[in-house]
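Some notes on the structure that comes next.
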Amino acid sequence: MSEDHSKYQAGDAPTPSELSADVVISSDTLRDNRIPPGQSRTRKWPVLDATGTPQIPANWQLEVFGMVSRRLTFTLDEFRELPRVKVFADFHCVTRWSRLGNLWEGVSTRYLFDAAGVRPEARFVLLHGFDNGWSTNLPLEDFLAPDALIADLHDGEALSADHGGPVRAIVPLLYAWKSAKWLKAIEFSTEDQLGYWERGGYHSHGDPWVVNDTHLDGERFQDPSLVPPGFNDELEW
């Protein structure tokens, strides 16, 4: 794991109190306690991934396909011309750190859903990344949450390659592995299809706030008694 020192947060965590009216406020940022069970705040901006930062092709495109009436393809220039949205949200990594108060900018997932004419029988989404066939699955309702977007800016700056640039998904109410980096395709489906980490034992849903007899500190793993490969409980952040 490496760090982006230019993104260090000094002082208290940012709050939505001084944001302009056009910014979507993620509901988690309004909690009295914004740190989910088992998490700790980091002031840094850690860099984690499954297989390293991939080489993104110069002719990058984003595809929207599957159970849609209109299959869509956007170049990076075309993506940046789509209607824009800003989202203020917290960011919770399954490896137990949380970065509070991120300002994302990009295209609403709801806009892409409407533009593609997603068919009524679609119930799930599979996000595909450029990194060695990486993917992650989402219920449609989580993908369409009011604070979910496809982002190309973070805190007013273009996403670096290490943080998933040029474009990544952001689904703030779930653990951050559900916010696929280096996004290349969005697939709508009638059936749930496990992604890379989910096939390895990570939870299919990934809500960091779930606390019950089975999941004492969030939906991290399918079987909380078994730590799947790739998870290090001793990470420094």
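A short reminder: the numbers here are calculations on the coordinates, not readings from a lab. These numbers come from a predicted model, not from an experiment. All Cβ positions, even for glycine, are placed from backbone atoms using ideal geometry, and neighbour counts span all protein chains on display.
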- Listed by chain and number, the residues whose amide H is under 5 Å from that of LYS184, excluding neighbours fewer than 5 places away on the same chain and using placed H, are HIS128, GLY129, PHE130
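Taking the Cα centre of the chain as the origin, how large is its charge dipole in debye, to the nearest 20, when only Lys and Arg (+1) and Asp and Glu (-1) carry charge on their Cβ atoms?
The calculated dipole for the chain is roughly 280 debye.
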- Query: Counting only residues 5 or more places away or on other chains, whose amide H sits under 5 Å from the amide H of LEU159 once H atoms are built in the peptide plane?
  - Reply: LEU153, HIS154
- Using θ = phi - 60° and the Karplus form 6.51 cos²θ - 1.76 cosθ + 1.60, what ³J(HN,Hα) does each residue of segment 101-111 get, whole Hz, x for Gly and Pro? x, 9, 10, 9, 9, x, 10, 4, 4, 4, 4
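Note down, for segment 152-237, the three equivalent ellipsoid semi-axes (square root of 5 times each alpha carbon gyration tensor eigenvalue), biggest first, whole angstrom.
On the way: eigenvalues 123, 59, 32 Å².
Calculated on Cα positions only, the semi-axes equal 25, 17, 13 Å.
With only Lys, Arg, Asp and Glu charged, each at its Cβ (+1 for the first two, -1 for the last two), find how big the charge dipole of segment 95-161 is about the Cα centre; round to the nearest 20 debye.
Working: 5 positive and 10 negative charges, 47 e Å.
Approximately 220 debye in magnitude.
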- Message: Just to confirm my numbers, what's the Cα centroid distance between segment 162-196 and segment 1-57 in Å?
- Response: 17 Å
- Query: Once label points are set 7 Å from the Cα along Cα→Cβ at both PHE65 and SER17, what is their separation, rounded to one decimal in nm?
  - Reply: 4.9 nm
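What FRET efficiency would be calculated for the residue pair ASN132, SER225, taking the C-beta separation as r and a Förster radius of 25 Å, to the nearest 0.05?
Details: r = 29 Å, r/R0 = 1.16.
The calculated FRET efficiency here is 0.30.
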- Query: Picking from GLN193, GLN55, GLN39, which is most flexible by a Gaussian network model of the chain using Cα springs under 10 Å?
  - Reply: GLN55
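What trypsin sites (Lys or Arg not before Pro) does segment 43-74 have in DSSP loop regions with at most 11 other beta carbons within 10 Å? Intermediate results must be reported in sequence, preceding the final value.
Numbers: sites: ARG43, LYS44, ARG70, ARG71; in loops: ARG43, LYS44, ARG70, ARG71.
Qualifying residues, ordered by number: ARG70, ARG71.
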- Task: Apply the Debye scattering formula to the chain, with a single equal point scatterer on each alpha-carbon and no solvent, then give log10 I(q)/I(0) at q = 0.07, 0.11, 0.15, 0.18 Å⁻¹.
- Result: -0.21, -0.53, -1.04, -1.56
- Query: If you place +1 on the Cβ of every Lys and Arg and -1 on the Cβ of every Asp and Glu, how big does the dipole about the Cα centre of segment 4-124 come out, in debye to the nearest 20?
  - Reply: 320 debye
- Contour minus Cα-Cα span, ASN33 to VAL47, at 0.36 nm per residue, comes to 2.6 nm
- Most positive-pole-ward Cα, LEU194, VAL211, PRO166, against dipole of segment 151-237 from beta carbon charges: PRO166
- Item | Zone residues, segment 160-180, relative to THR75, backbone N less than 18 Å from point 7 Å out along Cα-to-Cβ | 166-167
- Query: Which Cα, out of SER108, ALA58, THR42, lies furthest along the positive dipole direction of segment 1-133 (beta carbon charges, K/R +1, D/E -1)?
  - Reply: THR42
- Any GluC sites (Glu not before Pro) in segment 151-228 that lie in a DSSP loop and have at most 11 other Cβ atoms within 10 Å would be GLU191
